[in-house]
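Inspection log for the structure reproduced underneath, given as structure tokens.
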Amino acid sequence: MIESVVLTVTDMKCAGCESNITGKLEALPGVISVQASSKNDEISIEYDDGQTGLDTIKDTINGAGFKVK
Ligand SMILES: [Cu+2]
């Protein structure tokens, strides 16, 4: 099933941070689309919950040096 979430994520400072985390999330199997906004401290993600889960997504964000609230 396709799920969509909006996560509050701090520490994204610029467009470089946005494209960094977008690339890492899009590389995960099952992630369909990612929109990161450093301005709003938000990342919107659509994913297939049969292939990946919120824990994996959050770990990827935290592992890239950002913080999921
Ligand atoms: Cu940056």
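FYI, it's all coordinate maths here, none of it is from the lab. What you are looking at is a predicted structure, and each value in this text was computed from that prediction instead of being measured. For neighbour counting, all protein chains shown are included, and Cβ atoms are generated from backbone atoms with ideal geometry for every residue, glycine included.
Between the helical axis of 15-26 and the longest alpha-carbon principal axis of the chain there is an angle of about 10 degrees.
Once the gyration tensor of the Cα atoms in the chain is diagonalised, the equivalent ellipsoid follows with semi-axes of 19, 11, 11 Å, ordered largest first.
Between the helical axis of 54-63 and the longest alpha-carbon principal axis of the chain there is an angle of about 30 degrees. Exposure proxy ranking for Met1, Met12, based on other Cβ atoms within 10 angstrom of each Cβ and starting from the fewest, stands as Met1, Met12.
Determine the dipole magnitude for segment 2-68: charges of +1 sit on the beta-carbon of Lys and Arg, -1 on that of Asp and Glu, nothing else is charged, the reference point is the Cα centre, and the result goes in debye to the nearest 20. Magnitude of the dipole: close to 300 debye.
Cross-link partners for Lys13 among the aspartates and glutamates, with Cα-Cα distance under 15 Å and sequence neighbours closer than 8 places in the same chain left out: Asp41, Glu42.
Over the chain, DSSP H runs of length four or greater, each weighted -39,500 (n - 2.57), average out per residue to a 222 nm ellipticity of -9500 deg cm²/dmol.
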